[in-house]
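K.L.:
Here it is: the structure, laid out below.
The values are calculated or read from the model by the stated rules, or taken from the named source; none is laboratory data. Everything numeric in this text was worked out from a predicted model, so none of it was measured. Glycine also receives a Cβ, built like all others from the backbone with ideal geometry; neighbour counts cover every protein chain displayed.
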Amino acid sequence: MGTSLTVRDISKRFGRHVVLSHVDLDLDAGEAVALIGENGAGKSTLLRVCAGLMAPDSGTITVDGAIGYCPQVPGLLDLLNADEHLVLFGRAHGMTRADALAVGHQLLEELGFPVHRREVTRHLSGGSRQKLNLALALLGGQDVLLLDEPYQGFDHGTYVNFWHHVDEWRAKGKAVLVVTHMLAELNRVDRVVELHPAVTTSAA
Amino acid sequence: MTTLGRVVATAEMLGRDLLRRRLALVLLVALPVAFYVSTRFGEGGNGYTSGGIGLSWSIAGAALYSALAARPVDRRLVLDGYRPAELLAGRVLLLTSFGLVLATAFTGMMWAFVPPKNAVALIVAMLLVALVAVPFGLAIAGIVPHELEGTLVLIGMVGIEMSLPSRGTLEGVLPFGASHRLLNQAAGSDLAFVPCVARGLAWATLALVIAIVAWWGRVHVIRHGRTRARPHPAGRLGLLAAGAMAVAIIAFPWSLGYKPAHGRNGQTTVTTGSPDTG
């Protein structure tokens, strides 16, 4: 399978603080890569740069396919419920209301989200909000998944289930880049990339 | 059809969000009412200008907060496929509808308390307030993307208009200056109607152009490995032309002031003194 995401010589600084320095990364279709590193190493910044939400100071990024981005902090509207989010985000992918709800409910059920609930997201638990957050990143069947600690707040069963889903996405040919601090699960991915503050090393 | 669907979806979800903010809705109505009532019954004037200022604060504030609250989601939506202009169009559609309904209801209330001497001027002025306030609030949200700072800019811009002499040149060219003069006209001042309307519409256009440009800069995403998504050249040219025309109309030395009126004996007189103590 071809390369879905190519990161070359990416640097990014905020004021005088260098966050990313000459980072290289390749992510192939059908591959799952874990991005690890201490706090402040630039993991989330790298994902935001890859997603196109932030411009790098230098370097190039090439993406082959549609990006599904799941931010660390759920980007949700507090006073809309899950179905309304599905319809709104589904429109972005050209989906009808019915299609968005059908696909979205299936995703949410797989993640253990109670789809019958109609509460606005402000009243949902942190884990439920995160499940919706993740489902929205998957709604359009995106090819390149950039997931920033997507399991925060998940209960144990859902957390284990998440890594099963990573296997499934990989089997379907999706490229998955997961920011994680859960080092016990690193055997579930193909490669681990560790970011150090302003220095990058890669381990197979 | 996709674009229309996205615009409608954005408007629909913003409407649902707004309807669930019951306290905010109450305050959005209460603020202009309080302004109006305090002037009308506190100082004894007709209160039109105070009502207009309160309404402009309410509608522009609603636009400002709705845009800022949705910004993190807007960027995700753009990443997933929305165009920034589609999000903005949906927001303008919903907020303008809301603003016009609020302005109409508020006009009816003021009319009931003090029937205007020039009804057309009152109606047009209040509709202009709504038409200017929505893009004005969105433009501030695009330029100053933080709630406190944005609110202070909004309060400052409208507040300055309150503190300026009601017939000063500067007051006349500020965003709500034209509608305020129309409100004076509704109360009986003899003003040039068409230039006021033209300047008010020009401000609505200019604010919308600023909102489009600022908002595109805030929510656009970089499409790696693809041609950078920029506004279509024709669109950019159209924005530039609309903005330039709006600035020209605003800056044009219209005779917005109190035009000469002819007295009963044929003597030319000039109306002095604002009939609106608000």
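K.L.:
Within region A:51-67, identify whether any single residue is at negative phi, within 12 Å of the chain's Cα centre (by Cα) and not in a helix (DSSP H, G or I), and answer yes or no. Write out each step before concluding.
P.N.:
Just the residues of region A:51-67 that are at negative phi, to begin with: A:51, A:53-58, A:60-64, A:66-67.
Those left that are additionally within 12 Å of the chain's Cα centre (by Cα): A:51, A:67.
Remaining after also requiring not in a helix (DSSP H, G or I): A:67.
Checked against the condition, which is being at negative phi, within 12 Å of the chain's Cα centre (by Cα) and not in a helix (DSSP H, G or I), region A:51-67 yields at least one hit.
K.L.:
Could you please let me know if B:THR205 is of a type in the set (Val, Ile, Thr) and at pLDDT 90 or above? Break it down stepwise before answering.
P.N.:
Numbers: of a type in the set (Val, Ile, Thr): yes; at pLDDT 90 or above: yes.
The answer is yes for B:THR205.
K.L.:
Let me ask you something else. Does region A:138-183 hold any residues that are within 21 Å of A:GLY2 (Cα to Cα), hydrophobic (A, V, I, L, M, F, W, C) and within 14 Å of chain B (Cβ to nearest Cβ), and which are they? Can you show your working first?
P.N.:
Kept after step one, since they are within 21 Å of A:GLY2 (Cα to Cα), are these residues of region A:138-183: A:138, A:140-147, A:166-178.
Next, from what is left, pick out any that are hydrophobic (A, V, I, L, M, F, W, C): A:138, A:144-147, A:166, A:169, A:171, A:175-178.
Correct list: A:LEU138, A:VAL144, A:LEU145, A:LEU146, A:LEU147, A:ALA175, A:LEU177.
K.L.:
Go through A:ALA135, A:ALA102 for me and flag whichever is hydrophobic (A, V, I, L, M, F, W, C) and either closer than 18 Å to A:PHE162 by Cα or within 13 Å of another protein chain (Cβ to nearest Cβ) (or both). Don't jump to the end; show me each part of the working.
P.N.:
Working: A:ALA102 fails: either closer than 18 Å to A:PHE162 by Cα or within 13 Å of another protein chain (Cβ to nearest Cβ) (or both).
Exactly one residue qualifies, and that residue is A:ALA135.
K.L.:
Could you please find all residues in region B:1-49 being without any contact (Cβ under 8 Å) to a residue 40 or more places away in the chain and in a loop (DSSP other than H, G, I, E, B)?
P.N.:
Those that are without any contact (Cβ under 8 Å) to a residue 40 or more places away in the chain and in a loop (DSSP other than H, G, I, E, B): B:MET1, B:ARG20, B:ARG21.
K.L.:
Follow-up question, since we're still on this one. Got a sec? Which of A:ASP155, A:ASP99 is at pLDDT 95 or above and of a type in the set (Asp, Glu)?
P.N.:
Testing whether each residue is at pLDDT 95 or above and of a type in the set (Asp, Glu) leaves just A:ASP99.
A quick yes/no check of all residues on (1) in contact with a strand residue (DSSP E or B) (Cβ under 9 Å, 6 or more places away or on another chain); (2) within 14 Å of chain A (Cβ to nearest Cβ):
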{"residue": "B:SER58", "(1), (2)": "no, no"}
{"residue": "B:LEU64", "(1), (2)": "no, no"}
{"residue": "B:ARG76", "(1), (2)": "yes, yes"}
{"residue": "B:PRO84", "(1), (2)": "no, yes"}
{"residue": "B:GLY108", "(1), (2)": "no, no"}
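K.L.:
Looking at region A:89-173, what helices (runs of 4 or more DSSP H) fall wholly within it and have at least 1 residues that are of a type in the set (Asp, Glu) and surrounded by fewer than 18 Cβ atoms within 10 Å (Cβ to Cβ)? Don't jump to the end; show me each part of the working.
P.N.:
Values: elements: A:97-110, A:126-138, A:156-171.
Correct list: A:97-110, A:156-171.
K.L.:
When you scan region B:53-61, do you find a residue that is of a type in the set (Ser, Thr, Tyr), assigned to a helix (DSSP H, G or I) and within 30 Å of B:ALA112 (Cβ to Cβ), even just one? Outline the logic, then answer.
P.N.:
Taking region B:53-61 and keeping what is of a type in the set (Ser, Thr, Tyr), we get B:56, B:58.
Adding the requirement that they be assigned to a helix (DSSP H, G or I) leaves B:56, B:58.
With within 30 Å of B:ALA112 (Cβ to Cβ) added as a condition, the list becomes B:56, B:58.
Looking for residues that are of a type in the set (Ser, Thr, Tyr), assigned to a helix (DSSP H, G or I) and within 30 Å of B:ALA112 (Cβ to Cβ), one finds at least one in region B:53-61, hence yes.
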